[in-house]
């Protein structure tokens with residue numbers, strides 16, 4: 001009898017461990033792919049020299065730690081709202097419903113990632129203000145391209161870029177950003193692809209602001225400063241070609257996003 005009890009106890013213990021393994025495996029299957037995508041984005045952001053400039057020496061190691069921690073914890077607990085099925089290149093279409101055939105819509109894509117569209121509206125009748133709509137699905141979305149039904153639209157576009165130049169004596173980082181959006185008119189024709197780019201005006205010393213701000217104050221740590229300038233900037237939308245004449249990954253990106261949208265519950 002004692003031997004039977006011991007056998008049953010061992011069997012229950014083995015079954016309990018198997019259930020725990022199956023439970024942990026099911027969690028990993030649910031969340032591991034999402035955690036991997038998030039960790040990949042953390043690494044890419046930390047090693048982004050254009051975005052971080054000289055601070056990449058700090059952000060790069062930090063992103064490795066964050067990515068590793070996110071992969072360990074995030075594989076068991078959902079830590080992000082990003083759908084694991086969501087393609088890397090994001091898309092946005094203004095019209096409701098599923099994505100239409102490319103022959104029926106117009107597409108505009110950013111020439112560089114320094115620009116992003118914050119608002120879009122159909123051109124309102126004379127004397128009416130019109131309603132601005134947000135040109136993304138979620139707060140974390142910055143679509144590579146947007147598409148609309150044929151017509152005339154106003155776009156509100158922001159600009160941000162940070163670039164670093166290194167030589168033997170010093171490292172210089174220049175940052176330019178918009179404090180208010182630039183508005184551009186887009187006459188969208190069916191089946192056509194357009195490119196959105198930015199034109200920066202001649203910079204001049206910022207009016208009423210100090211020319212330099214020293215950071216840090218201790219010269220033993222080196223001296224950094226801001227040369228504050230201001231200028232106008234404008235957005236251009238140029239026609240590129242009909243959709244069939246466009247080469248590159250844009251075809252796959254749109255197809256992947258259409259497939260993703262069709263699977264959203």
Can you confirm whether residue 113 is in contact with a strand residue (DSSP E or B) (Cβ under 8 Å, 6 or more places away or on another chain) and either closer than 17 Å to residue 187 by Cβ or modelled with pLDDT under 95 (or both)?
no
Just for strands (runs of 3 or more DSSP E) wholly inside segment 136-229: which have at least 1 residues that are at pLDDT below 75 and in contact with a helix residue (DSSP H, G or I) (Cβ under 8 Å, 6 or more places away or on another chain)?
151-166, 171-177
Residue 84 being modelled with pLDDT under 90, more than 11 Å from residue 145 (Cα to Cα) and assigned by TED's automatic domain parsing to the domain that holds residue 158:
no
Filter result (surrounded by fewer than 18 Cβ atoms within 10 Å (Cβ to Cβ) and over 18 Å from the mean Cα position of the chain (by Cα)) within segment 100-120
100, 101, 103, 104
Residue check, residue 131 surrounded by fewer than 14 Cβ atoms within 10 Å (Cβ to Cβ) and either in a loop (DSSP other than H, G, I, E, B) or touching a residue at least 12 places away in the same chain (Cβ under 8 Å) (or both)
yes
Name the residues in segment 230-249 that are loosely packed, with under 13 Cβ neighbours inside 10 Å and part of a loop (DSSP other than H, G, I, E, B), would you?
231, 232, 247, 248, 249
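The values are calculated or read from the model by the stated rules, or taken from the named source; none is laboratory data. Predicted model, so just to flag it, every value in this text is computed and none were measured. In this analysis, Cβ positions are derived from the backbone assuming ideal geometry, glycine residues included, and neighbour counts consider all displayed protein chains.
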